[in-house]
Structures are given as structure tokens and as C-alpha cells.
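The values are calculated or read from the model by the stated rules, or taken from the named source; none is laboratory data. Please read all numbers here as calculations on a predicted model, not as lab measurements. Note that we place each Cβ from the backbone using ideal geometry, even for glycine, and neighbour counts take in every protein chain shown. We work out accessible area using only protein heavy atoms, side chains counted, and drop any ligands, DNA or RNA first. Shrake-Rupley method; radii C 1.70, N 1.55, O 1.52, S 1.80 Å.
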Amino acid sequence: MGKICETELYRPVCDYLEALGYKVQGEVAGCDIAALKGDELVVVELKTSFNLKLLTQAVRRQRAADSVYVAIPRPRGGAWTSGWRDMCMLLRRLELGLITVVLPDGEGKEGIRVEVHFHPKAFDRLKSARSGKKARSCIIRETAGRSGNYNTGGTTREKLVTAYREQAVHIACCLMKFGPLSPSELKKMGTGAKTQDILYDNHYGWFKRVSRGIYTVDGCARGFLDEYPGLVRHYMDKLPDTPDKFA
């Protein structure tokens, strides 16, 4: 489909509402579409793409209308993209409805399709909070599990220092300083409850087992650890000269 304009969305949405019994007018007091049925006032804002201006206009219309919808061309990929899901989540939170329009490639009305994906309704904040308990616990657990702030907010293309990565670095530091150790010995050094799992899974390829229950650091780990100088220094400074203190 080539580039379209907002006026091409008007007629399909207008026809759809009229078929439902609404009296429809375009460009009424700044509203792209105003539709009346008895005392019910429905407003539809048209845009060729989902953007902040569309949301701002729609939210302003909520002051006057019983229901407000946004109408856009159906995005490529439809409901299968993360962008679509994010858009729907935001619209529902703002208590706006969503209409999409499929326009034909050629001339004429054949192939035009208008679809109402959801209607405006009150957003249940308590239900949303209950469904977000798992995400909240994950954020709190991850924040509490980090020893310091080693990431820059907004970073997208750099390796992040997670609580799991911190524990792996801590284990690697202990092994580099004291040589091969068992998980129980490492735990006494404060490497955490997941020490055994980290060594066994060896997600980063930093560790190798030298005998039953005894692990050492792989030579490749030293190059990777050079990427985290502040974190390595943090853990190395905490370690004593000998492991006797942790016995």
C-alpha cells in the first residue's frame, strides 16, 4: 500500500458508524469525526500513524465525548508485533478505543475493511497492579542483588551488569585469587546461594571443573573480566590475602 492521507480514512469510518445508526459529521469543533446516536457522542481521531499527537488529541476529546476512538491504517504485521501490543496497552490505559482501516491497493471500495479492536472502557488499575506483582518482584530482587550501580541508564548496545553477572564475576575473582575451590567454599566467601547453579550451568563459559566438586576459572574468562574493571576491583578489594578467614 502506498502512502495514504487522513482523508482516505474518513469515508470508511464514516460509513461504518452510519451503518450502526449514528449521525456522522466530519471536522466538528476540531474533532475529525463526531457521531451522534440519541444522547451518545462518539469522537474518532484519524491519523496515518500512531504517534503522540494522536494520543494528545484523543485525550482532549475525552473531556466532551462519551467515547473516543483513534483510527489508523492497520499496521504491517498487525497484532503479531511488539509495537502493536505496546500500542494497545497504552490505549487501554488511556481508556481509548482502537479502530484500524485496511484500504485497497487500487481504486474503488472493494477490499476496504474497518475493524474495531476494542472499545473504550475504564482502566482497572487494581487489576493491572495485581498482574504486575511478578514483574515488581523481579525488579526488586534484581535491584537488591546488585552490589553497586555499574550500568548507565538508556544503554542499549552494551553488556549490562545484572545480579547474575555480578555473582559470576565474584566467583571468578575468588577462583583467580585463591585457585580451585568447591561451591561450599565459595559460598563462605559470600558468592551467594546460586553459586552451584552458576558453576554448573557455566552460562558465560568462564569456569571449568578440575575434579569432582572442584572448579577453577577458565583462561578465557580473564579477557571478559577486563570489560568490568570497576566490578572486578570491587570484589578483589573485599577478598583477604588468604581464604583462611572464610573457613
Cα-based shape type of segment 182-247, given that a ≥ b ≥ c are square roots of the gyration tensor eigenvalues and the cut on a/c is 1.5: oblate
Using alpha-carbon coordinates, inclination of helix 229-238 to the longest axis of the chain, degrees: 40
Derived scalar couplings ³J(HN,Hα) [segment 159-172; Karplus, 6.51 cos²θ - 1.76 cosθ + 1.60; whole Hz; x for Gly, Pro]: 5, 8, 8, 8, 4, 5, 5, 4, 4, 5, 5, 4, 4, 4
Over the chain: helical MRE at 222 nm, DSSP H runs n ≥ 4 each giving -39500 (n - 2.57), nearest 500: -12000 deg cm²/dmol
Derived scalar couplings ³J(HN,Hα) [segment 34-42; Karplus, 6.51 cos²θ - 1.76 cosθ + 1.60; whole Hz; x for Gly, Pro]: 10, 10, 10, 9, x, 8, 7, 10, 10
Using θ = phi - 60° and Karplus 6.51 cos²θ - 1.76 cosθ + 1.60, couplings along segment 195-205 (whole Hz; Gly, Pro as x): 3, 4, 5, 5, 5, 5, 5, 6, 4, 8, x
Segment 1-137: relative contact order as a whole-number percent, Cα under 8 Å and 6+ apart: 19
Long-range amide H partners of Leu41 with built H, under 5 Å: Asp66, Ser67
With Cα atoms, 0 to 90° folded angle of helix 52-61 axis to the chain main axis: 50
Å² of accessible area per residue within the chain, as computed with a 1.4 Å probe and no ligands counted: 63
Computed FRET value (nearest 0.05) for Gln25 with Leu52, which takes r as the C-beta separation and R₀ as 25 Å: 0.45
Heavy-atom accessible surface of the chain: percent carbon and sulfur, 1.4 Å: 51
Low-density loop positions, GluC sites (Glu not before Pro), segment 96-184 - DSSP coil, at most 16 other Cβ in 10 Å: Glu107, Glu110, Glu158
Given charges at Cβ of Lys, Arg, Asp, Glu: the chain dipole, positive-most of Gly219, Val43, Val13: Gly219
In degrees, nearest ten, helix 6-19 long axis to first principal axis of the chain (Cα): 70
For segment 1-142: rounded, prolate or oblate by the Cα gyration tensor [a/c cutoff 1.5]: oblate
Long-range amide H partners of Asp218 with built H, under 5 Å: Phe207, Lys208
Thr216 accessible area, 1.4 Å probe, all protein chains in place, Å² to nearest 10: 20
Percentage relative contact order, the chain, counting C-alpha pairs under 8 Å, at least six apart: 11
Check: segment 2-139 dipole with +1 on Lys, Arg Cβ and -1 on Asp, Glu Cβ, in debye: 1080
Prolate/oblate/rounded call for segment 2-72, Cα gyration tensor, a/c under 1.5 rounded: oblate
Estimated dipole of the chain in Debye, rounded to 20 [Cβ of Lys and Arg +1, of Asp and Glu -1, Cα centre]: 1060
Selection from His170, Gly192, Ser182, by position along the positive dipole direction of segment 166-215 (Cβ): Ser182
